[in-house]
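Q: Structure provided below as structure tokens; questions to follow.
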Protein chains: 2
Amino acid sequence: MRTVDLILRKRGGEELGVEEMQFLVNGYTSGEIPDYQMSAFLMATYFSGMTDREMSALTEAMIASGQTVSLSDIPGLKVDKHSTGGVGDKTSLICAPIAAAAGVVVPMISGRGLGHTGGTLDKLESIPGFRTDLTVEAFRAQLAEHGLCFIGQSDEVAPADKRLYALRDVTGTVESIPLIASSIMSKKMAEGIDALVLDVKVGHGAFMKKQVDARRLAQAMVGIGRRLDKRVQALITDMNQPLGYAVGNALEVMEVSQTLQKAGPADLTRLSLELAARMIYLGKQAASLEEARKVAEDRLMDGSAYKKFKAVVQAQGGNPQALDKFELLPNATGMREILSPRAGYVSAIMAEDIGRASSMMGAGRGRKEDAIDPAVGAILEVKVGEKVDAGSVLCRLYYTGEENLDEAADLVEDAFRISGARPEVRELILEVVS
Amino acid sequence: MRTVDLILRKRGGEELGVEEMQFLVNGYTSGEIPDYQMSAFLMATYFSGMTDREMSALTEAMIASGQTVSLSDIPGLKVDKHSTGGVGDKTSLICAPIAAAAGVVVPMISGRGLGHTGGTLDKLESIPGFRTDLTVEAFRAQLAEHGLCFIGQSDEVAPADKRLYALRDVTGTVESIPLIASSIMSKKMAEGIDALVLDVKVGHGAFMKKQVDARRLAQAMVGIGRRLDKRVQALITDMNQPLGYAVGNALEVMEVSQTLQKAGPADLTRLSLELAARMIYLGKQAASLEEARKVAEDRLMDGSAYKKFKAVVQAQGGNPQALDKFELLPNATGMREILSPRAGYVSAIMAEDIGRASSMMGAGRGRKEDAIDPAVGAILEVKVGEKVDAGSVLCRLYYTGEENLDEAADLVEDAFRISGARPEVRELILEVVS
């Protein structure tokens, strides 16, 4: 088998077999296939796409490149949830405790924020003492005891994906649905889970700008799951404005706490409940999706989800009191109001710009190595469809230093579109792919 | 300027500017842009193509990566001829002396054979004593004296193209018209010529299998020439059977000698005359193409072209007597006849297979480093359209060793298609692009 022949066949739109995909991934991981051949293959894939079989084969080869976690000795079905990344998206911190409170075992393996999107681990680490760098033994023990644990991804999982991702980043081959789908699924499927709920974001603040692309990505991932014998469902949800009101790590934890205490924003509550319901259904803690939705709502309403979250925070070294006393969380030292330049309706809130502004103030990182400031961020005061007066507060920025503040403020001001006509209401949950 | 952004723009079908092309070529030549980014760019180019402006910019950047030859101190217009490569294609050895005999200065800078196609330098070197490794000074002196010199390409010309070609070869990005066109033109335009006649081969034995692709390549090269202020014309010619009867180095030199003595095959004579006429016309040794055709025929008929060729052979150290006494050329030690399995008409002679068989017997090389056997090859006894009986000789193979002989014989036998109906006559010169 020659690598150049496989590149040529992919270039010509032919389907590669399982062994050929293994040859490519194993050869690349071992260093026998050089970067320059792999990047040509990746660009050919960008243009020619992949069949479902190829995506599954690529995913399996990437899984096989590293260690896999077995959770089979922990009773119950293990269900994870993954989002393709949005702005203000703190649903993992809400749906996971709801599902765990309903009896689902949730090994929540998460990432850190990069660019304009936040990361679950960064948000959790704004809680004083919270640790996500658990040993595998501590992770298992906590899953067995609490049914929920938040942890970062081990470097030993799917190392081929890590190398490929770094190569894609510098060769203009990131935006390829088969490559995105197999990258996400290889990491998730190596975790020893039985089922997975995906939240594929679409819109200005998301990686996928068009619904048709989000649908293709969702279908690709659900298809890979099916071939790997895992139950996978995907929601396609709107990211044309931030989710909830809070953007920024500690600010988002505060909103999580409010939501788990039934006082959260309507959109965040609704999406978190739907994600939790899907987790409960796939985790077989309800006989139907309808029943699962009822269970999810009950676990939120009866306070058991909030109790579960506090127990998990405590188990992972965090101070659960900080969830009730926000002064125990990192707090910003300064606040600036962004005012509406005129009266009208909020017709759009460009989520990516809010995320970028927040990141610029220190909430996010441009490179993986950067440190973040957990206290800073933005709190929206209005959402799309609301009426505002000239001079109304649109958003409050919370900062600890004035560097980049003016630039961030300009970005946020421009992110709000005010129009004379009342905008059409946009659906939050656009589609389900299962 | 970031390389990844240029890759993304090429991927998206956008046009890159002159400075951006220079950035890519210079960065790659200097080693600042790594192979893996360049190969992604090349694959994106394969799919997205290039505009005429981009091709010219790429060509100019590749020319600028190395040395350029100036021939302006030698009086007269310099005209070269280049073929994209065929089987039995020895036209350079015929049209160049005709054009030189007509007063055109012909710096014939040629290559070696690779794969199933032969190379002008290899053919010439089958003449005892003939040397193509001249110094630049000797090259200039001979051009000034004889108006014709055959030489190999210097390593200092267009080194960026050399590196790019090696990368394309292993990354499945050879078959891209903008990349082929700029590769050929960068080498030719660095030679200090005023005009160029191109012979773009199309068909089974050629790199371009389809006429539409050959036309695009011809148009691309003529367009690059125009933007670089050189007069360029291209013929698109049929390569669905070998040109002439002889395939193999010394065998082809014999046929060249016969053709220059007015006893050559009709197709080879016709194409050589047309190429020579174009060279004479572009070299301004005739006022019209019609007149140039007449001049070319006269120079062949009056023996001055043959005389010119002999003088050049002598000037380059070769024995001109070998052109009259073929026993002075390398001769094969064995011969095998390939017989027709049945009566009928020769409907096709798969040129690539004849070329591969000849190469297999030693006439060509699989890798650049391989040595060749100048004596071996094939002489067709019939051409497409001729009637044969069962047992008629289709072809004679000339060999010096029996290794690979059976395999070559099978390949040649299968290359001849014999059918009951008389095949349609195919045009030799299919199109002119100018």
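Q: Can you report the number of residues in the stretch A:162-183 which are assigned to a helix (DSSP H, G or I), under 25 Å from A:Lys210 (Cα atoms) and in contact with a Gly (Cβ under 9 Å, 6 or more places away or on another chain)?
A: Counting residues in the stretch A:162-183 that are assigned to a helix (DSSP H, G or I), under 25 Å from A:Lys210 (Cα atoms) and in contact with a Gly (Cβ under 9 Å, 6 or more places away or on another chain) gives 3.
Q: Looking only at the stretch B:12-50, which residues are open to solvent by 10 Å² or more (accessible area, probe 1.4 Å), part of a loop (DSSP other than H, G, I, E, B), within 14 Å of another protein chain (Cβ to nearest Cβ) and free of Cβ contacts under 8 Å to residues at least 40 places away in the same chain?
A: B:Gly12, B:Gly13, B:Glu14, B:Gly31, B:Glu32, B:Pro34
Q: Pairs only if they're at least six apart or on different chains, beta carbon under 7 angstrom, first in the stretch A:417-431 and farther than 16 Å from A:Lys383 by Cβ, second among the basic types (Lys, Arg) and open to solvent by 40 Å² or more (accessible area, probe 1.4 Å); list them, first residue then second.
A: A:Glu431/A:Arg215
Q: Condition first: within 20 Å of B:Gly366 (Cα to Cα) and either part of a loop (DSSP other than H, G, I, E, B) or open to solvent by 40 Å² or more (accessible area, probe 1.4 Å) (or both). Now tell me which residues in the stretch B:103-118 satisfy that.
A: B:Gly111, B:Arg112, B:Gly113, B:Leu114, B:Gly115, B:His116, B:Gly118
Q: While we're on this one: Just checking, which of A:Arg299, A:Arg278, A:Arg270, A:Arg293 is open to solvent by 10 Å² or more (accessible area, probe 1.4 Å), assigned to a helix (DSSP H, G or I) and in contact with a strand residue (DSSP E or B) (Cβ under 6 Å, 6 or more places away or on another chain)?
A: Checking each option against the conditions leaves just A:Arg278.
Q: In the stretch A:73-102, which residues are over 30 Å from A:Ala378 (Cα atoms) and either in a helix (DSSP H, G or I) or touching a Pro at 6+ places or on another chain (Cβ under 7 Å) (or both)?
A: A:Lys78, A:Ala101
Q: Turning to a different aspect of this structure: Quick test for you: out of A:Arg53, A:Arg9, pick the one residue that is farther than 16 Å from A:Arg168 by Cα, facing chain B (nearest Cβ under 10 Å) and either part of a helix (DSSP H, G or I) or not hydroxyl-bearing (Ser, Thr, Tyr) (or both).
A: A:Arg9
Q: B:Val69 versus (1) within 14 Å of chain A (Cβ to nearest Cβ); (2) of a type in the set (Val, Ile, Thr); (3) closer than 30 Å to B:Gly115 by Cα: which is the lone unmet condition?
A: Failed condition: (1).
Q: Next question. Among the residues of the stretch B:341-353, count how many are crowded, with 21+ Cβ neighbours inside 10 Å and in a loop (DSSP other than H, G, I, E, B).
A: If we filter the stretch B:341-353 for residues that are crowded, with 21+ Cβ neighbours inside 10 Å, which is where we start, we get B:346, B:349-353.
With in a loop (DSSP other than H, G, I, E, B) added as a condition, the list becomes B:350.
Residues in the stretch B:341-353 being crowded, with 21+ Cβ neighbours inside 10 Å and in a loop (DSSP other than H, G, I, E, B): 1 in total.
Q: Do we have any residue at all in the stretch A:391-406 that's part of a helix (DSSP H, G or I), more than 27 Å from A:Leu328 (Cα to Cα), at pLDDT 95 or above and not assigned by TED's automatic domain parsing to the domain that holds A:Gly85?
A: yes
Q: Sort out which residues of the stretch B:169-190 are open to solvent by less than 10 Å² (accessible area, probe 1.4 Å), over 18 Å from B:Glu60 (Cα atoms) and not polar (S, T, N, Q), and write them in order of number.
A: Within the stretch B:169-190, B:Gly172 is the sole residue that qualifies.
Q: List, please: which pairs have Cβ atoms under 7 Å, are six or more places apart or on different chains, and start with a residue in the stretch A:254-280 that is under 26 Å from A:Asp194 (Cα atoms) and without any contact (Cβ under 8 Å) to a residue 40 or more places away in the chain and end with one that is in a helix (DSSP H, G or I) and hydrophobic (A, V, I, L, M, F, W, C)?
A: The qualifying pairs are A:Ala277/A:Leu289; A:Ala277/A:Ala292; A:Ala277/A:Ala296.
Q: Over 19 Å from B:Ser92 (Cα atoms), assigned by TED's automatic domain parsing to the domain that holds B:Asp414 and part of a helix (DSSP H, G or I): is that true of B:Arg356 in this structure?
A: Spelling it out, B:Arg356 is indeed over 19 Å from B:Ser92 (Cα atoms), assigned by TED's automatic domain parsing to the domain that holds B:Asp414 and part of a helix (DSSP H, G or I).
Q: Given the conditions (1) touching an Asp or Glu at 6+ places or on another chain (Cβ under 7 Å); (2) closer than 12 Å to A:Met361 by Cβ, which single one is not true for A:Gly401?
A: (1)
Q: To continue, here is another question. Would you be able to tell me the number of residues in the stretch A:119-155 that are part of a loop (DSSP other than H, G, I, E, B) and open to solvent by 40 Å² or more (accessible area, probe 1.4 Å)? Don't jump to the end; show me each part of the working.
A: To start, the set of residues in the stretch A:119-155 that are part of a loop (DSSP other than H, G, I, E, B) comprises A:119, A:125-135, A:147, A:153-155.
From the residues that got through so far, the ones that are open to solvent by 40 Å² or more (accessible area, probe 1.4 Å) too are A:125, A:128-129, A:131, A:133-135, A:153-155.
Number satisfying all stated conditions: 10.
Q: Hey, could you check the stretch B:56-66 for residues that are among the small types (Gly, Ala, Ser) and open to solvent by less than 50 Å² (accessible area, probe 1.4 Å) and say which is farthest from the other protein chains (Cβ to nearest Cβ)? Write out each step before concluding.
A: First, the residues of the stretch B:56-66 that are among the small types (Gly, Ala, Ser): B:56-57, B:61, B:64-66.
Now restrict to residues that are open to solvent by less than 50 Å² (accessible area, probe 1.4 Å): B:56-57, B:61, B:65-66.
Numbers: B:Ser56: 24, B:Ala57: 20, B:Ala61: 20, B:Ser65: 19, B:Gly66: 22 Å.
Within the stretch B:56-66, the match that is farthest from the other protein chains (Cβ to nearest Cβ) is B:Ser56.
Q: Here is a follow-up. For B:Ala375, work out the one condition from (1) at pLDDT below 95; (2) out of contact with any strand residue (DSSP E or B) (no Cβ under 6 Å at 6 or more places or on another chain) it doesn't fulfil.
A: Of the numbered conditions (1) at pLDDT below 95; (2) out of contact with any strand residue (DSSP E or B) (no Cβ under 6 Å at 6 or more places or on another chain), the odd one out for B:Ala375 is (1).
Q: Please go through the stretch A:155-192 and pick out each residue that is more than 14 Å from chain B (Cβ to nearest Cβ) and more than 17 Å from the chain's Cα centre (by Cα).
A: Result: A:Asp155, A:Glu156, A:Val157, A:Ala158, A:Pro159, A:Ala160, A:Asp161, A:Lys162, A:Pro178, A:Ala190, A:Gly192.
Q: For the stretch A:368-415, which positions are without any contact (Cβ under 8 Å) to a residue 24 or more places away in the chain and open to solvent by 60 Å² or more (accessible area, probe 1.4 Å)?
A: A:Glu369, A:Ala371, A:Glu403, A:Asp406, A:Asp410
Q: While we're here: The conditions are (1) more than 13 Å from the chain's Cα centre (by Cα); (2) open to solvent by less than 10 Å² (accessible area, probe 1.4 Å), and B:Lys201 fails exactly one of them. Which is it?
A: For B:Lys201, the exception is condition (1).
Q: Does the stretch A:99-111 contain any residue that is more than 14 Å from chain B (Cβ to nearest Cβ), of a type outside the set (Ser, Thr, Tyr) and on the phi > 0 side of the Ramachandran plot?
A: Taking the stretch A:99-111 and keeping what is more than 14 Å from chain B (Cβ to nearest Cβ), we get A:99-111.
Remaining after also requiring of a type outside the set (Ser, Thr, Tyr): A:99-109, A:111.
Checking the rest, the ones that are also on the phi > 0 side of the Ramachandran plot come to A:103.
For the stretch A:99-111, residues more than 14 Å from chain B (Cβ to nearest Cβ), of a type outside the set (Ser, Thr, Tyr) and on the phi > 0 side of the Ramachandran plot: present.
Q: Also: For the stretch B:67-90, what are the residues that are within 21 Å of B:Ala286 (Cα to Cα) and open to solvent by less than 40 Å² (accessible area, probe 1.4 Å)?
A: Scanning the stretch B:67-90 gives B:Ile74, B:Lys78, B:Val79, B:Asp80, B:Lys81.
The values are calculated or read from the model by the stated rules, or taken from the named source; none is laboratory data. Here the structure is a predicted model, which means the values were calculated and not measured. Every residue, glycine among them, receives a Cβ derived from its backbone with ideal geometry; neighbour counts consider all protein chains shown. For accessibility, only protein heavy atoms count, side chains too; no ligands or nucleic acids. Shrake-Rupley method; radii C 1.70, N 1.55, O 1.52, S 1.80 Å.
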